[in-house]
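A.B. asks: Have a look at this one before I ask anything.
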Amino acid sequence: MTIVSIWCRHKGDNVIGAGLGLPWKIASDTRRFRNLTEGQVKVMGGRTYSGMPQKVLTGRKVIVLDNTGKTELFDAQNHILVSDINQLKDYSEDLYVSGGAFVYYLFFSTPALMPDVVVDCVYGGPIDDGAQNLVDVSASVAILEQKYQALPQRFELDGVVTTVWLKKGDFVAQSTVKKILNYLETEGK
Ligand SMILES: NC(=O)c1ccc[n+]([C@@H]2O[C@H](COP(=O)([O-])OP(=O)(O)OC[C@H]3O[C@@H](n4cnc5c(N)ncnc54)[C@H](OP(=O)(O)O)[C@@H]3O)[C@@H](O)[C@H]2O)c1
């Protein structure tokens with residue numbers, strides 16, 4: 001199993017969200033997330049799941065992490081609810097960790113489930129005026145900077161600079177990394 005984590009964080013403060021939504025609207029960023037996770041099993045927290053448009057997730061495999069039991073699944077055929085991250089340790093397929101901050105940190109701080117690959121998109125533009133209840137991934141970024149190595153390539157599109165990081169000292173499936181880099185090299189062209 002390869003675990004890939006993907007986020008778009010705001011430069012400087014590592015903000016990724018406001019309430020249940022995003023404090024920016026960048027079409028190419030939404031497209032990147034959709035294309036890189038297409039056909040893959042996405043793992044997300046109950047708040048992220050509730051805040052995403054249903055049509056984006058319907059018909060796609062999603063694991064919702066929620067230890068409160070509050071989240072209602074809207075596609076019972078393809079979505080499952082998991083209350084304990086440890087249940088994913090022997091999962092048979094690759095996992096694409098898709099947020100939010102709580103769930104990213106759960107993966108980064110669980111040794112057996114630390115992402116192998118991190119697609120780190122950093123947005124340098126302004127966040128929406130009046131955005132409230134900001135959510136940030138600073139705790140996960142601290143682990144990223146310590147335990148991961150950035151590949152040298154930088155991909156820039158619409159104010160977002162994307163870097164791919166690999167977990168230090170671990171074998172990482174090259175086919176997965178290649179696929180991600182290929183997509184990033186060609187996007188927007
Ligand atoms: N920019 C990006 O790349 C990106 C990607 C994904 C998500 N986001 C943003 O991230 C935000 C959501 O992240 P999040 O961290 O709030 O939630 P989350 O990771 O999506 O979900 C956390 C889940 O765990 C539960 N939980 C239990 N204890 C918790 C605790 N101590 N803290 C937080 N959750 C706890 C929550 O239940 P309760 O609901 O009962 O608290 C919820 O079901 C949204 O703003 C979303 O838009 C951004």
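All of the numbers you see were taken from the coordinates with simple rules; none came from a lab. Just so we're clear, the structure is a prediction, and the values are computed from it rather than from any experiment. Note: ideal-geometry Cβ built from the backbone for every residue, glycine included; neighbour counts use all protein chains shown.
A.B. asks: How about region 159-189: which chymotrypsin sites (Phe, Trp or Tyr not before Pro) there are in a DSSP loop, with at most 14 other Cβ atoms within 10 Å of their Cβ?
C.D. replies: F171
A.B. asks: How large is ³J(HN,Hα), in whole Hz, for each residue of region 116-132 in order, when computed from phi with the Karplus curve 6.51 cos²θ - 1.76 cosθ + 1.60 and θ = phi - 60°, using x for Gly and Pro?
C.D. replies: Values, residue by residue: 7, 10, 10, 9, 9, 9, 10, 9, x, x, x, 8, 4, 4, x, 4, 10 Hz.
A.B. asks: If a/c stays under 1.5 just call it rounded; otherwise compare a/b with b/c (prolate if a/b is bigger, oblate if not). Do that for the chain, with a ≥ b ≥ c from the square roots of the Cα gyration tensor eigenvalues. Walk me through the intermediate numbers first.
C.D. replies: Working: a/c = 1.35, a/b = 1.08, b/c = 1.24.
It is rounded, given that a/c, with a ≥ b ≥ c, falls under 1.5.
A.B. asks: Under 19 Å between alpha carbons, and skipping anything fewer than 8 positions from K178 in its own chain: which aspartates and glutamates qualify?
C.D. replies: Of all the aspartates and glutamates, those that pass the test against K178 - Cα under 19 Å, at least 8 places apart if same chain - are E38, E93, D94, D116, D120, E156, D170, E187.
A.B. asks: If you don't mind, another one. Check V82: other-chain or 5+ apart residues with amide H under 5 Å from its amide H, H built from backbone geometry?
C.D. replies: Result for V82 returns V64, L65, D66.
A.B. asks: Mind checking the full-extension length gain between S50 and A139? Use 0.36 nm per residue of separation minus the Cα-Cα distance, one decimal, nm. Numbers along the way, then the final one.
C.D. replies: Working: separation 89, 0.36 × 89 = 32.04 nm, distance 2.30 nm.
Here the segment from S50 to A139 would lengthen by 29.7 nm.
A.B. asks: What GluC sites (Glu not before Pro) in region 83-189 are in a loop by DSSP, with at most 16 other Cβ atoms within 10 Å of the Cβ? Kindly include the intermediate steps, with their values, before the conclusion.
C.D. replies: Numbers: sites: E93, E145, E156, E185, E187; in loops: E93, E187.
Counting only loop positions with at most 16 other Cβ atoms within 10 Å, the GluC sites (Glu not before Pro) in region 83-189 are E93, E187.
A.B. asks: Let me ask something additional. Indicate, rounded to the nearest 5 percent, the antiparallel portion of the DSSP beta bridges found entirely in region 3-183.
C.D. replies: Numbers: 17 of 38 bridges.
Taking every DSSP beta bridge with both residues in region 3-183, the antiparallel ones total about 45 percent.
A.B. asks: Among I16, T176, Q77, pick out the residue whose Cα is farthest towards the positive end of the charge dipole of the chain, where Lys and Arg carry +1 and Asp and Glu carry -1 on C-beta, about the Cα centre.
C.D. replies: Looking along the dipole axis, the top candidate is T176.
A.B. asks: Sticking with this structure for a sec: Order of D129, D158, D29 from fewest to most other C-beta atoms within 10 Å? Can you show the working numbers first?
C.D. replies: Values: D129 6, D158 12, D29 19.
In increasing order of surrounding Cβ atoms, one gets D129, D158, D29.
A.B. asks: While we're looking at this one, here's another question. Pull up the cross-link candidates among the lysines for K55, meaning alpha carbon to alpha carbon under 27 Å and not fewer than 8 places away within one chain.
C.D. replies: Filter leaves K25, K42, K70, K179, K189.
A.B. asks: Which whole-Hz couplings ³J(HN,Hα) result when phi for each residue of region 8-20 is put into the Karplus expression 6.51 cos²θ - 1.76 cosθ + 1.60, θ = phi - 60°, listed in order with x for Gly and Pro?
C.D. replies: With coefficients 6.51, -1.76 and 1.60, one gets 10, 10, 7, 4, x, 9, 6, 5, 10, x, 9, x, 9 Hz.
A.B. asks: Can you pull out the trypsin sites (Lys or Arg not before Pro) in region 142-176 that DSSP calls coil and that have at most 13 other Cβ atoms within 10 Å? Each step should come with its number before you reach the end.
C.D. replies: On the way: sites: K147, R154, K167, K168; in loops: R154, K168.
In loop regions of region 142-176 (DSSP not H, G, I, E or B), the sparsely surrounded trypsin sites (Lys or Arg not before Pro) are R154, K168.
A.B. asks: Now for a different question. Quickly work out the Y91-to-N78 label distance, labels modelled 7 Å from Cα along the C-beta direction, and quote it in nm with one decimal.
C.D. replies: 1.6
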